[in-house]
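Heads up, the thing below is written out as structure tokens.
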Amino acid sequence: MFTVSRQFSFCYGHRLLNHPGKCANLHGHNAKVSIVLRHNTLNEQGMIADFGDIKKSIGLWIETRLDHRLILETHDPLIPVLKDQGLLIFPLPAEPTAENLAKLLYEETEKTGLPVCSVTFWETEHCSAEYRA
Ligand SMILES: [Zn+2]
């Protein structure tokens, strides 16, 4: 069994609607993501996937859909207000926690056809969540 991983970084803002503490306020993070791919065999180039192709697929998706966006739960009442101001929103049908963002990135990587094994999402340098099927 072979595995490879590719890391990406991006900035985002969010808030957690049901959080009893300070995370209920809008704030931002510098996120780091590790996408791990796994496969039993290698292709004719001796790879699971070209690192450049990982960047061009899920890396580009992160850059165009999440980077410098506000990731908010779809029912957050701030969404229409912020959209009216021209801000870029990524609505998520779940609280935008590290756990749910790891799951989102796992599912989006899966859609690209890459053999994703797990996604680890660091909300801060010390706090991470992992999603694997
Ligand atoms: Zn946060």
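Coordinate-derived values only; no laboratory data. Remember, it's a predicted structure, so these values are computed and weren't measured experimentally.
Side notes on the structure shown:
- Fraction of C-alpha pairs exceeding 19 angstrom in the chain: 50 percent, rounded to a whole number.
- Radius of gyration and Dmax over the Cα atoms of region 67-133, both given in Å: 13.5, 39
- Choice from Phe90, Phe51, Phe121 showing the highest fluctuation, given a GNM over the chain with Cα pairs closer than 10 Å: Phe51
- Where both bridge residues fall in the chain, DSSP classifies roughly 75% of the beta bridges as antiparallel.
- Length-normalised contact order of the chain in % [C-alpha pairs under 8 Å, at least 6 apart]: 28 percent
- Over 23 Å apart at the Cα level, from the set Lys32/Lys103; Lys55/Lys103; Lys32/Lys83, are Lys32/Lys83.
- Rounded to the nearest 500, the 222 nm mean residue ellipticity of the chain from helices alone is -6000 deg cm²/dmol, with -39,500 (n - 2.57) taken per DSSP H run of at least 4 residues.
- Between the Cα long axis of helix 98-111 and the first principal axis of the chain there is an angle of about 50°, rounded to the nearest 10.
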